Amino acid sequence: GNSVTQMEGPVTLSEEAFLTINCTYTATGYPSLFWYVQYPGEGLQLLLKATKADDKGSNKGFEATYRKETTSFHLEKGSVQVSDSAVYFCALLSSGGSYIPTFGRGTSLIVHP
Amino acid sequence: DAGVTQSPTHLIKTRGQQVTLRCSPKSGHDTVSWYQQALGQGPQFIFQYYEEEERQRGNFPDRFSGHQFPNYSSELNVNALLLGDSALYLCASSLDRTRNEQYFGPGTRLTVT
């Protein structure tokens, strides 16, 4: 079956530090990949997506590249801000005809001033 | 343009009771999905409604049922509540069921005592 594995959190950084949150996946076919962000007390918001190999999704300074050879979709940001503190979820949607999305467990990011 | 709305925000029920949660999708969206998010976990897919029918279902017992109305709004019903049903219940809508560019509501926090 499909699965998404994210690095354990929390990830604690100082403001302006470089961020990487690792995400690897197992899926049949050619899935679409997504990063969602959840701020405290809120629902999930789509952050970025990539629908085929080598695509790079980007938004608000965050980016992630769909690497089929390593089955990875790592999230990066060059300089984090305190306002980026949230939980980040990696997710996939399989192309095999079943439109059931699979989410990772989430990685908490804490950014200190 | 209103996004996805859910009601109520919080709910406390007793074991064995029944609960109904409500969701209004983003304007123009015809597909509604429901998720259960336990504390510290990623969302788990419950089911998806499109054209007033359940189209996909995750690994949840029949105690979980739903409905979609002609205006695309949806309800999630849970019967015979268990303590383990305590979670944040998220509703998400999308333009069509083949896309995971879903827009999430803020969720309903259900506590079963």
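Figures for the structure shown
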read-out: Chain A, relative contact order in percent, only Cα pairs under 8 angstrom and at least six apart counted; value: 37 percent
read-out: Using θ = phi - 60° and Karplus 6.51 cos²θ - 1.76 cosθ + 1.60, couplings along the range B:69-84 (whole Hz; Gly, Pro as x); value: 9, x, 8, 6, 5, 9, 10, 10, 10, 10, 9, 6, 4, 10, 4, x
read-out: Accessible area buried, both sides summed, chains A and B with 1.4 Å probe, Å²; value: 1600 Å²
read-out: 3J(HN,Hα) from dihedral phi, the range A:74-80, Karplus parametrisation 6.51/-1.76/1.60, rounded to Hz, x for glycine, proline; value: 6, 8, 9, 8, x, 8, 7
read-out: Part-to-part distance (alpha-carbon centres) for the range B:44-113 and the range A:1-58, which is given in Å; value: 23 Å
read-out: ³J(HN,Hα) computed for each position of the range B:15-32 - Karplus, 6.51 cos²θ - 1.76 cosθ + 1.60, integer Hz, glycine/proline x; value: 3, x, 6, 10, 9, 10, 10, 10, 9, 10, x, 4, 4, x, 8, 10, 10, 10
read-out: Placed amide H near residue B:55: partners under 5 Å, 5+ positions off or other chain; value: B:48, B:49, B:50
read-out: Given charges at beta-carbon only (K, R positive; D, E negative), |dipole| of chain B in Debye; value: 440 debye
read-out: Net charge dipole size for the protein assembly as shown [Lys, Arg +1 and Asp, Glu -1 on Cβ; Debye, nearest 20]; value: 340 debye
read-out: Farthest toward positive dipole pole in the protein assembly as shown [+1 Lys/Arg, -1 Asp/Glu at C-beta], among A:109, B:14, A:29; value: B:14
read-out: Mean Cα-pair separation over length for the range A:49-107, i.e. relative contact order, pairs under 8 Å, 6 or more apart, %; value: 19 percent
read-out: Dipole in debye (nearest 20) - chain A, about Cα centre, beta carbon charges: Lys, Arg +1; Asp, Glu -1; value: 340 debye
read-out: Nonlocal amide H pairs with residue A:15, under 5 Å, H built at 1.01 Å; value: A:112
read-out: Sequence-separation-based contact order of chain B, relative, with Cα cut under 8 Å and 6+ spacing, percent; value: 37 percent
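The values are calculated or read from the model by the stated rules, or taken from the named source; none is laboratory data. What you see is a predicted model, and the numbers here were worked out from it, not measured in a lab. Don't worry about glycine lacking a Cβ; one is built from the backbone with ideal geometry, like all the others, and counts go over all protein chains shown. Please note that ligands, DNA and RNA were not included when accessible areas were found on the heavy atoms of the full protein model with its side chains. Shrake-Rupley method; radii C 1.70, N 1.55, O 1.52, S 1.80 Å.
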